[in-house]
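Notes for the one structure printed next.
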Amino acid sequence: MGLTREQAAGKIMVALDYANAESAEKLLNELQGIPCYMKVGMQLFYAAGPAFIESLKKRGYLVFLDVKMHDIPNTVKGGANSVTKLGVDMFNVHAAGGSAMMEAALEGADAALASGQARPSVIAVTQLTSTSAQVLNEEIGIAGSVEEAVVRYAKLANKAGLSGVVASPVEVQAIKEACGTSFQTVTPGIRPAWAETNDQSRIMTPKDALLQGTDYMVIGRPITAAAEPRAALESIIEELI
Ligand code: C5P
């Protein structure tokens, strides 16, 4: 599909959904030398903290800290400031926090930059992929379809100056149409044809997600729960080149 092996690896964000640093490091040792992005979510970050981010950076990885900040602007500004000092390359906030909160995240990140350090990409969570239309309408109280809500949040994030959004691969085209092709999409819900679906519902294969125009694909269990994680990652890369 026109990508080099390195470009394909760089589009894959491995979700390190582990309870502790030891388990995550076991996987890192198996995947050594493959230049993919590493995603650290709340489970691992709350357990292993800044020291684990530091060890990923020492190993040379780009790091997406997926802690989905959602609080008053001043608090998010402080959170953004702290994670930028850790040297992460990307982190996220909920678009539902509103534009003042998203702008505060950018301000907090900018205020923490060391000389020569680029600002991390700040991206917004639109609507969690686990949210059904029924939950959206009846529990959260937002009218309309999930896609309409996602596109509205994406536009708000774009206007606030964020780099992109987390969304389902099925929403990529609508987001790119509304916000432009350089507005990035980070898509979980990726399942190679040979992998189990698990609890993800609106799924797409890596190749199809790439054809939709996604910038990064978050992939967890198809790699982390595979009998041979390195072979699983390599076969996904193969599918993308
Ligand atoms: O194992 P799996 O490939 O389903 O992992 C998907 C990862 O993407 C998990 O870390 C999950 O928390 C994250 N994620 C998601 N849906 C969202 C946002 C993040 O699945 N809307």
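Find the all-direction average of the projected area of the Cα convex hull for the stretch 107-151, expressing the result in square nanometres with one decimal place. Walk me through the numbers on the way to the answer.
On the way: hull surface 17.9 nm².
Mean shadow area of the hull around the Cα atoms is 4.5 nm².
With Cα atoms as the point set, the stretch 135-174 shows a radius of gyration and Dmax of 10.9, 31 Å. Along its three principal directions, the equivalent ellipsoid of the stretch 1-71 from the Cα gyration tensor extends over semi-axes of 22, 15, 10 Å, largest first.
What are the equivalent ellipsoid semi-axes of the chain, built from the alpha-carbon gyration tensor (square roots of five times its eigenvalues), in whole angstrom, biggest first?
Values for the chain, descending: 26, 23, 17 Å.
Charges were assigned to the Cβ only: +1 to each Lys and Arg, -1 to each Asp and Glu. The resulting dipole of the stretch 85-241 about its Cα centre is roughly 240 debye. Just to be sure I understand: with springs between alpha-carbon atoms less than 10 Å apart, which residue in ILE34, ILE140, ILE175 has the highest mean-square fluctuation in the Gaussian network model of the chain? Checking each option, the largest mean-square fluctuation is seen for ILE140. Over the Cα atoms of the stretch 181-221, the radius of gyration divided by the Kirkwood radius equals 0.97; this is the Rg/Rh ratio. Shape summary: the stretch 110-230 maps onto an equivalent ellipsoid whose semi-axes, from the alpha-carbon gyration tensor, are 24, 22, 14 Å in decreasing order. Under 5 Å between amide hydrogens, built in the peptide plane, is the criterion, and for VAL125 it picks out VAL93, HIS94, ALA95, VAL166 among residues at least 5 positions away or on other chains.
Couplings 3J(HN,Hα) of the stretch 212-219, computed from phi: 6, x, 5, 8, 9, 10, 8, 10 Hz, in residue order, whole Hz [Karplus 6.51 cos²θ - 1.76 cosθ + 1.60, θ = phi - 60°; x for Gly and Pro].
Averaged over all directions, how much area does the convex hull of the C-alpha atoms of the stretch 51-164 cover when projected, in nm²?
On the way: hull surface 30.3 nm².
The directionally averaged projection comes out at 7.6 nm².
In the chain, helices alone account for a calculated mean residue ellipticity at 222 nm of -13500 deg cm²/dmol, with every DSSP H run of four or more residues adding -39,500 (n - 2.57). With Cα atoms as the point set, the radius of gyration and Dmax of the stretch 35-111 evaluate to 12.3, 36 Å. Using the 1.4 Å probe convention, the accessible area of the chain works out to 45 Å² per residue with neighbouring protein chains retained.
State the extension gain, in nm to one decimal, for the chain segment bounded by LEU3 and ARG119, taking 0.36 nm per residue of separation less the distance between their alpha-carbons. Don't skip to the answer; put the middle values down first.
Working: separation 116, 0.36 × 116 = 41.76 nm, distance 2.62 nm.
The span from LEU3 to ARG119 would gain 39.1 nm if fully extended.
The values are calculated or read from the model by the stated rules, or taken from the named source; none is laboratory data. Values in this document were obtained by computation on a predicted structure and should not be read as measured data. Virtual Cβ from ideal backbone geometry, glycine too; neighbours counted across all protein chains shown. For accessibility, only protein heavy atoms count, side chains too; no ligands or nucleic acids. Shrake-Rupley method; radii C 1.70, N 1.55, O 1.52, S 1.80 Å.
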